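Values in this text are rule-based calculations from the coordinates and carry no lab data. Keep in mind the model is a prediction, meaning the values are calculated, not measured. No Cβ is skipped: glycine too gets one built from the backbone with ideal geometry, and neighbour counts run over all protein chains shown.
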Amino acid sequence: MTGEQANTRLQAIASSGTDLLRNGANPAVVAAPMLHFRNAHPNSLKLYADVLRSRFTGSLARAFLPMAYHNLLRPLVGGKGSRLQSGDQLPERTDILFVSHLLDVRRMTQCDDIYIGDLAERLQRHGISSVNALIDHTQSSSAHISQNWSRSQTPRVVLPRQLDIVNELQISAQLGRAALSLAKKSISGNIELARFAALDALSPTARDAMRIAYQIGELVKRLNPKIVMTTLEGHSWERLAFHAAHEADPATVCIGYAHAPLFPMHHALTAQLGNGYDPDVIMVPGDVSLSVLKNNPTMLGKDIRVLGSVRSFAKGEEFPKMPTSRVCLLLPEGLNDEVAALIRLSLEAGAKCPDVRFRIRLHPAMSKDLFFRQRPEFANLPPTFEWSKERSLNADLAEANWALYRGSTAIISAPLLRTKPLHYRVPGELADIDPLFALEGYRESVDCPEQLIRILSTEHVGSEAELSAAIDFCTKFYVPLREQVFVDLMRGLKSDF
């Protein structure tokens with residue numbers, strides 16, 4: 001299959017998924033991740049490998065045991081479960097319910113959220129209350145989370161990974177009916193995607209989406225917030241969360257915060273499903289994302305606002321550049337394959353550039369020990385390779401001449417610290433996943449070790465004009481958080497505000 005044929009097929013898959021979602025009265029159908037075509041990132045496309053090759057038998061064989069365990073056995077053996085797991089006492093009501101993510105238990109010792117920083121505390125000064133619900137991506141026990149808990153001004157809740165047996169079995173039944181419905185559509189409508197989505201509806205990811213939506217719906221009933229804001233990346237749980245919030249209280253304003261980079265074919269993020277599954281407002285981190293969404297025909301008339309980001313560069317923060325330093329900083333996404341790809345490329349280039357040090361900075365969701373257990377071949381790297389230790393991103397960038405990356409948005413800060421972005425595009429990829437794709441000049445692309453060697457062997461990192469343009473672009477990508485956006489929203493929702 002050629003690249004053009006693959007792109008055409010993927011566009012058809014994306015459209016077919018949206019059609020199935022719009023026609024699905026059962027929320028459990030919406031839980032199937034495959035129906036939400038997120039983007040053309042290689043990690044997202046893995047979900048469609050069997051669909052592209054029409055390998056249903058192999059897909060069924062791989063999915064059977066996980067489906068049986070998660071939908072039949074786990075609800076019975078996973079423990080009593082609970083509706084909420086809270087480290088802080090919840091108020092009787094709140095103005096805003098933020099839905100964020102717990103990626104590392106050590107974050108619980110800090111009050112600032114990884115996505116919205118101190119926004120909740122800043123809103124308190126305007127008389128706006130909030131609660132932060134955290135989706136648990138760790139494998140930590142409740143006791144371990146409690147041990148690391150630090151009380152904050154904003155009450156926080158960790159959503160447990162298991163509900164009580166009755167609710168878990170109800171989810172199993174709902175997903176089973178959704179799978180049957182999709183299987184029937186694959187036959188009556190001759191829709192190939194529906195056949196694969198029937199299996200996907202019974203996946204652990206679909207189950208998690210149903211559980212998260214149930215928990216958010218319960219929180220909305222309990223706290224009666226005026227606003228519910230979740231991250232917005234095109235996941236199925238996000239649409240179910242909006243639906244659950246709207247079902248609990250139709251007056252609830254649902255906000256999707258599209259903080260992640262908008263990779264090509266970001267279909268699920270912009271699809272209009274109706275029936276309460278769409279966000280009422282979309283917020284973005286800066287002017288670049290705003291422009292991309294505003295120019296999307298499906299976003300015509302949509303309320304899109306710039307919220308800003310905790311990743312905006314602090315103007316008063318200075319990191320002196322080390323002119324004699326020859327450091328190449330590796331900035332992988334939170335994926336083992338991405339880490340491995342950048343290290344392999346650097347190993348080949350490093351053999352020809354012995355004076356260059358390579359520093360690997362893992363995504364906050366990853367740990368070095370776990371990566372070594374899964375990829376032991378990288379446990380003993382040459383002495384010119386090192387791992388970043390308890391340092392801020394800006395500090396690492398300030399010491400680097402170059403930053404090697406693929407899809408990580410951490411690269412946005414690089415030009416601001418006079419660090420040259422080097423984007424590694426793997427030959428044969430269907431789409432460009434470079435967050436700086438719209439930046440002309442200053443950054444460079446590499447697709448082989450020889451190109452990286454050439455760049456690392458020269459002192460030239462770009463002209464002042466290119467650097468100035470890059471700095472201007474990056475300062476617009478992430479702008480400082482603007483609490484006034486929520487103040488204005490609340491003013492329109494509360495008569496006594």
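Below, the figures for the structure above:
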| item | result |
| --- | --- |
| Simple spin-label estimate for Gln110 and Asp472 in nanometres, 7 Å along Cα-Cβ | 3.3 nm |
| Built amide H within the under 5 Å cut-off of Ile360, gap 5+ | Leu330, Glu386, Trp387, Ser388 |
| Relative pair counts by distance (%), Cα atoms of the range 207-313, 5 Å bins | 2, 13, 24, 24, 18, 13, 6, 1 |
| Signed unit charges on C-beta, dipole axis of the chain, positive-most listed residue Leu456, Val306, Ser186 | Ser186 |
| Charge context of Ala40, other residues only, Cβ under 11 angstrom, K/R +1, D/E -1 | -1 |
| The chain: antiparallel DSSP beta bridges as a percent of all, rounded to 5 | 5 percent |
